[in-house]
1. If you project the alpha carbons of the range 46-139 onto their three principal axes, what span does each projection cover, largest first, in Å?
2. What dipole magnitude, in Debye to the nearest 20, does the range 205-340 give about its Cα centre under +1 on Lys/Arg Cβ and -1 on Asp/Glu Cβ?
3. Taking a ≥ b ≥ c as the square roots of the Cα gyration tensor eigenvalues, with a/c under 1.5 meaning rounded and otherwise prolate when a/b beats b/c, else oblate, which class fits the range 197-340?
4. Based on the alpha-carbon set only, what is the convex hull volume of the chain divided per residue, in Å³?
5. Straight-line reach from residue 336: which lysines have a Cα under 25 Å away, not including same-chain ones fewer than 8 places off?
6. Determine, for each peptide in 163-169, 135-141, 288-294, the mean count of other beta carbons within 10 angstrom over its residues, then list the peptides with the highest first.
7. How big is the charge dipole of the chain about its Cα centre, in debye rounded to the nearest 20, if each Lys and Arg gets +1 on its Cβ and each Asp and Glu gets -1 on its Cβ?
8. Once the Cβ-Cβ distance between residue 46 and residue 148 is put in as r, and R0 is 56 Å, what FRET efficiency do you end up with, to the nearest 0.05?
Amino acid sequence: MEYQSVWQRKTKKYPQLKKDADRDIVVVGGGIAGYLTAFRLAEAGQEVTLLEADRLFSGTTGRTTAKISANQGCVYSELFERYGQRVTELYYRSQTEGIRLFEELVHRYGIECDWTERDGYIFSEDRRYKIEALHRVLRRVGADCEVVESPELFKESCALKMSGQYLFDPLKFLSALPVRFEIFEGTRVVDIDPKKKILRTDGGSIYAKKIIVATHYPMINSHGGYFMKLRQSMSYTIAVSGKGAEDMYLDEREDGLSVRPYAEGTLLGGCDHRTGRIDDKRHFAALESSADKLFGRKNVTHRWCAEDVMTFDGMPMAGKYSKSLEDIYVVTGFNKWGMT
């Protein structure tokens, strides 16, 4: 058994920063958020440098379940209750636009990344009212979706079905994009002076005109108060041999089950909990038990865990790092839906 995700593989190595430097735009963090930010800026003609403490995509990006989906559980019901229809509609549009932009890149560069269109189901076995409420909200914001009875994989449930969702291999996708920006791996930023815009690393310091902090957790503690706005959440995934599902399924409960096919088998994930509170061993056993019930005894080929950043207000954070800082930006807090 592999104790890593099915996506993780050897990728091209990049050098470490070993001297002081001046740069225009520095992106800190080599996950999909930082990498695509650097890619889009370079595409727009900007001079960009990306700094990664370890290897590219070695964090949450390499441990995702890789669903590119606007069908995101009860997110929309919660947003509607907190902020009303306009904000909920804007969020939904942003997610569908994320799907469209991924598809555009895949086709433009002819990327072979197991890009597959599938239906997405949010299901509940005992809280039908949650599915019906979600359906009402999504219809109000213009989503094409329907409530279905007894979806194929979970016959004792009802579900909200949304077509036109996608699955892919994130590392195949990212590794195939043309690199038009500077990359340093093994370059940990140990301190940022937000006033002078100086990033200090083990190998040297960089003065930047603009800084984008796309690390797993924001690292400038003196501004923004992110420690009061964010929390960490653990989840667990196993890969089993054989195709047990054609589409993607997600329990509406926060700690419920997630199922999706991939090129060589099926992924089952879930058992979410706040980081540091529960022993992880029993969660893998629970996922294996779910696999047995759904598909019969299957060979478990991989197991891994991932940590996501959750926001207390339910909204991802992207924009100015703080009102008091100029030319410093942040992107974080995707609440487990960072792909879109």
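The values are calculated or read from the model by the stated rules, or taken from the named source; none is laboratory data. Predicted, not measured: the structure shown is a model, and the values here were computed from it. When we count neighbours, we look across all protein chains shown, and the Cβ atoms used for this are built from the backbone with ideal geometry, even at glycine. These accessible areas exclude ligands, DNA and RNA; they are computed on the full protein's heavy atoms, side chains included. Shrake-Rupley method; radii C 1.70, N 1.55, O 1.52, S 1.80 Å.
1. Cα spread of the range 46-139 along its principal axes, largest to smallest: 47, 28, 28 Å.
2. Value, rounded to 20: 260 debye.
3. Taking the square roots of the gyration eigenvalues as a ≥ b ≥ c, the range 197-340 is prolate.
4. Cα convex hull per residue, to the nearest whole number: 138 Å³.
5. Reachable lysines: 10, 67, 130, 161, 172, 229, 243, 281, 320.
6. Details: 163-169: 19.4, 135-141: 17.6, 288-294: 15.1.
With the highest mean Cβ count within 10 Å placed first, the list reads 163-169, 135-141, 288-294.
7. With only Lys, Arg, Asp and Glu charged at Cβ, the dipole is about 740 debye.
8. The calculated FRET efficiency here is 0.75.
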